[in-house]
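Structure, as structure tokens:
The values are calculated or read from the model by the stated rules, or taken from the named source; none is laboratory data. Because the structure is predicted, anything quoted here is derived from the model rather than measured. Cβ placement follows ideal geometry from the backbone for every residue including glycine, while neighbour counts extend to all protein chains displayed.
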């Protein structure tokens, strides 16, 4: 079962009337305008990475994070909320995106293991490595130097330190803030570099109302700019007063609506 390229569309045809948008009979290109609005919202929220991937819909992200908290394995991932996506949900999204325009399946991978409390984890995998650090920032235990550490032996022969797997079943995280606590590795101290893969976002079949309202507002702004002509700043109607609009279709009110959904850090 294959899906075409993902195109976000946060309002479906059945939603248009509820959010005071014209249907395809009154506005033939309304679906395209809603898609443009959805893409603009994804970009405004910082959900799209450097490769053009990412969305407010369920998406799998891979991040490389340097220099976490001093002496503590605490990191913050960029996208929130961290979401656990079951295999059945992925299958349903693929089926929904297999016919016509794919507005549901971003390529998200299913989560496969549970965390320490028995719930499905939103993490897919993680690894870390130790780099050189200042002596005053090195956390040493009384018996840390009582045995030969194989990771230290590898770095003695040059080259970067190797990545070692992190047991993600022991990772504790806050899905809303994106803060992750990682268990210590073989050297019993914090990693200097983390590679982490996780799922984040919302079910495209059950998007939050705030995102839907924002999408409708941006679509209306596009329509007001002369049938989605974004460069229009002023219009004169015969027998009526002229009016002007701001240059950005994501106005301050829409921007405030999107604040809870924005990336906590640029990727």
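Criterion first (assigned to a helix (DSSP H, G or I), touching a helix residue (DSSP H, G or I) at 6+ places or on another chain (Cβ under 9 Å) and more than 19 Å from residue 124 (Cβ to Cβ)) does residue 40 satisfy it? Taking the combined requirement at face value, the residue satisfies it. Here the condition is being outside the structural domain of residue 223 (by TED's automatic domain parsing), surrounded by 17 or more Cβ atoms within 10 Å (Cβ to Cβ) and under 20 Å from the mean Cα position of the chain (by Cα); of 83, 37, it holds for 83 alone.
Residues in the stretch 89-106 that are part of a loop (DSSP other than H, G, I, E, B) and crowded, with 17+ Cβ neighbours inside 10 Å: 97, 103, 104, 105, 106.
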